[in-house]
1. With labels modelled as points extended 7 Å from the Cα through the Cβ direction, what inter-label distance (nm, one decimal) is found for Asn215 paired with Lys301?
2. Is region 355-425 best put as rounded, prolate or oblate by its Cα gyration tensor, with a ≥ b ≥ c the root eigenvalues, rounded for a/c under 1.5, and otherwise prolate when a/b is larger than b/c, oblate when not?
3. In terms of the Cα gyration tensor, with a ≥ b ≥ c the square roots of its eigenvalues, is region 48-162 rounded because a/c is under 1.5, prolate because a/b exceeds b/c, or oblate?
Amino acid sequence: MAVYHKLNKSDSIQIRQAKKSLFNRTKRKDKLHNGNLKFSVGKSSIERYKRSKIKFNNDIEVFCAVNNLHFWELKSSVIKFDNDFSISSNTDRVLKDLLILLRHAKTLNQNPRLTFNGHVSFGALYLIDTLCWEIGKRRQWVVSHPNLPDEEIEILKSLKSNVSSSVENEHEFLINERVRINRTTGSAGNQPYYARAKEITDMVQKAIGISLNDNNYQLPFDIAQAINSTVGEQFDNINLHATETDLGTLCGFYSKAKKEISILIFNFGPTIYQTLSLAELPQNVIQYIKTVKLNFGFSNKDDIRKQRQNHTIESIYTLLALQEGISSKLKEDESRGHGLIDFIEKVKLLNPRSQISVISGNTGIYLNNNSAMSESFLIDRERKQITLNQEGNLLSSPNLENLKHLKYQFPGVLIETIIPLNDVSLQTL
């Protein structure tokens, strides 16, 4: 212990307290506290990360930076595929394993191993595959998966998330589009995601027809329209809000063995909170958001991650953005703010057991069996609402199961939809 930390009998109480305080601050100098996370690393590990010649694209580097990846100390890792490795059931675990992959690639020679112990969620598998292709551009990269079932290996082989593709075989339907956003003048109707949205809608229709053993099955018009328009609206949001983002991802997948449809949309860039909080909104919308914040005990000076009733300002904003008629582009277009809530409503009509996960920043929203939609007065008229509580009121606290503050941050927006087709409720369509 250094001299300036050493306690002497002659020290007064004030000096003893000052020395203890200094000792504790010195001891913490190489520790990072970030919400519920705590990393302790040596200087050599941080320097090794900073000196790494492995540099990813800007979006991935931001993902690393906002999660303070340079402070992580890692040894060789095993990533376990099981029922809990999914966006809908454990987003933090998925994000953590993605960051572990990136940390390994930056500074370690050992490649992580994947072990299989149950159902592999397609959305989580897709994100793993995306990062592995990104890492593979920078260094030799092999992911070991010795006990992955043949079906899952075939899905991985055909996935190739780094390129746009369409696949149909005995195991799957897959439509994958790495959407390059076209921001040239007059590009409004010349975006690749419009065509892909129609293909994914057709895939959903075909998959349901197979599950019902009905080759002539047709999706109800309003459901088909909701899927089409929601995909378009989400990518329009990327075009409008994520102005530094060139790419978005759209993927539709149907597992014939599991009889399960997955639709994944994500992009790196501004979070929902950042977009909504910085937007020029109509005065009545501003006042309503302020009312909700005050109701939860938040002031304008509070940090976005400060928790009240186990919720944060960011999570409250993210939930409000799902409601009908709340959009960051209302001043330009009063019809905005309907697409996602209409999509959620129609997906639940397809199967009430469908799961929709919305991940943005440190917030996760999970719409499952207990996520009923209501219609009541909101801002200026009757509107559809998703309140995530039994009261059906946005001023009441949402269920912690459905609105979570995440340890790890996703810098952008990710929407995963899972529609099970092995359910008799489909017979009612």
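Readers should treat all values here as calculations from the given coordinates under stated rules, not as data from a laboratory. In this text the structure is predicted, and so the values were computed from the model without any measurement. In this analysis, Cβ positions are derived from the backbone assuming ideal geometry, glycine residues included, and neighbour counts consider all displayed protein chains.
1. With each label point 7 Å from Cα toward Cβ, the separation is 7.1 nm.
2. Numbers: a/c = 1.85, a/b = 1.13, b/c = 1.63.
In terms of gyration-tensor shape, oblate.
3. prolate
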